[in-house]
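Engineer: Structure below; questions to follow.
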Amino acid sequence: MKIAFVGKGGSGKTTLSSLFIRHLAANEAPVVAIDADINQHLGAALGLSEEEAAALPAMGAHLPLIKEYLRGTNPRIASADTMIKTTPPGEGSRLLGVHEDNPVYEACARPVVLDDGEIRLMATGPFNESDLGVACYHSKVGAVELCLNHLVDGADEYVVVDMTAGSDSFASGLFTRFDMTFLVAEPTRKGVSVYRQYKQYARDFGVALKVVGNKVQGEDDIDFLRAEVGDDLLVTVGHSDWVRAMEKGRPARFELLEAENRMALQALQDAADDSYVHRDWERYTRQMVHFHLRNAESWGNARTGADLAAQVDPGFVLGEPLTASQLG
């Protein structure tokens, strides 16, 4: 399952995504976690020290390696230099699995040991002062989109992405790469504003969207969220002493998280698992190609000096199962 956590800044999406990752690890599920937020806080939320979080390799810094590996022997891609963030796989491309070891994970992923298991953590890298005026954040998350385009995950495997705040992900096709998107919303007018934007964009692309109400203090807050988002409201989360201690750097063991919040996390997993029956690899591949052709025409062809539409393999559909040759 590919799962995104989105929401406005300060909504608590990074905290909730980290709790969900801990929950999956406690259930012995294989997890690849990706910090794709402009503010890189997922590592700290998973218990890394500031030094450990800062030492995480930036996916963007390894983009040439990622491109060269994923290109494989695909005859439609002349060189890694002609690959852009939306380049789709085709015959001969290498694909990524969740369990496997490969050069991409070796360069970009680091193991994080949690109370009840171990996960792989990847990070886009921070958007810092040196980027100002010469780069936009969407260039940072290009490595994430390229990897997701080449990723084949199964029903009991999880890729959890903490997305950048607000509706910035709509600047590319990244928002269509997920089986389930959890939108974290506070019970305020500003809290549900991002939901309305996401709902509008997602409707045309069949994006599965559920709202997680956060910082809920009572029935009035629940009634407000239900009135604003209707049946999209999946579950609500209230105050947590466990989270407060975690944010101070003194978390208890995860098994001591409040029972009601553990039940909320299970509801998220159930919703994600239920989405698997609606997985449509043909639509997934078609949307991938759609955004690639848009990017090729608007900037990709000029940037690379190549006809990027020729990279599309019309007979290829991404899907399970992976073969040994596709895994490289």
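Engineer: Would you mind telling me the antiparallel percentage of the DSSP bridges in the chain, rounded to 5?
Structural biologist: 15 percent
Engineer: Taking the dipole about the Cα centre of region 200-258, with the C-beta of Lys and Arg at +1 and of Asp and Glu at -1, give me whichever of Gly230, Leu257, Ala202 is farthest to the positive side.
Structural biologist: Leu257
Engineer: In nm, to one decimal, how far is the modelled label at Glu282 from the one at Ala55, with both set 7 Å along Cα→Cβ?
Structural biologist: 4.9 nm
Engineer: Using a cut-off of 17 Å between alpha-carbon atoms, which lysines can reach Lys215, once sequence neighbours fewer than 8 places away in the same chain are excluded?
Structural biologist: By straight Cα distance, Lys215 reaches Lys8, Lys13, Lys190.
Engineer: Something else now. Below 8 Å between Cα atoms, with a sequence gap of 6+, how large is the relative contact order for the chain in percent?
Structural biologist: 27 percent
Engineer: With Cβ to Cβ distances under 13 Å as the rule, what net charge do the other residues near Asp221 carry (K, R +1; D, E -1)?
Structural biologist: Around Asp221, the charge tally is -2.
Engineer: Moving on. Report the longest stretch of the chain that contains none of the GluC sites (Glu not before Pro) sitting in a DSSP loop with at most 15 other Cβ atoms within 10 Å.
Structural biologist: The longest such stretch corresponds to 101-257.
Engineer: Determine the gain in length on full extension of the stretch Asp273-Ser298; use 0.36 nm per residue of separation and subtract their C-alpha separation, reporting nm with one decimal.
Structural biologist: That pair, Asp273 and Ser298, stretches by 5.4 nm at full extension.
Engineer: Helix 259-274: angle to the longest alpha-carbon principal axis of the chain, degrees 0 to 90, nearest 10?
Structural biologist: 30 degrees
Engineer: Could you tell me the center-to-center distance, by alpha carbons, between region 191-231 and region 1-70 in angstrom?
Structural biologist: 23 Å
Engineer: Which trypsin sites (Lys or Arg not before Pro) does region 153-261 hold that lie in a coil by DSSP with at most 11 other beta carbons within 10 Å?
Structural biologist: In loop regions of region 153-261 (DSSP not H, G, I, E or B), the sparsely surrounded trypsin sites (Lys or Arg not before Pro) are Lys248, Arg253.
Engineer: Okay, moving on. Using +1 on the beta carbon of Lys and Arg, -1 on that of Asp and Glu, and nothing else charged, what's the dipole of the chain about the Cα centre, debye to 20?
Structural biologist: 900 debye
Engineer: Can you list residues whose amide H is under 5 Å from Leu151's amide H, if they're 5+ apart or on another chain and H is modeled 1.01 Å from N?
Structural biologist: Those qualifying (amide H under 5 Å, at least 5 residues apart or on another chain) are Leu96.
Engineer: Measure nothing but the geometry: give the 0 to 90° angle between the long axis through the Cα atoms of 13-26 and the longest principal axis through the Cα atoms of the chain, rounded to 10°.
Structural biologist: 90 degrees
Engineer: Counting Lys and Arg as +1 and Asp and Glu as -1, what is the net charge of the other residues whose Cβ lies under 14 Å from the Cβ of Gly238?
Structural biologist: With Lys, Arg at +1 and Asp, Glu at -1, the net is -4.
Engineer: While we're on this one: Angle check, please: helix 189-203 long axis (alpha carbons) against the longest principal axis of the chain (alpha carbons), in degrees 0 to 90, nearest 10.
Structural biologist: 40 degrees
Engineer: May I ask you to rank His278, His62 by accessible area, largest first, using a 1.4 Å probe over the protein chains only?
Structural biologist: My answer, sorted largest first, is His278, His62.
The values are calculated or read from the model by the stated rules, or taken from the named source; none is laboratory data. As the structure is a computational prediction, the values presented were derived from the model and not from experiment. Cβ sites come from the backbone with ideal geometry, for glycine too, and all protein chains shown count toward neighbours. The accessibility values were calculated without ligands, DNA or RNA, using every heavy atom of the protein model including side chains. Shrake-Rupley method; radii C 1.70, N 1.55, O 1.52, S 1.80 Å.
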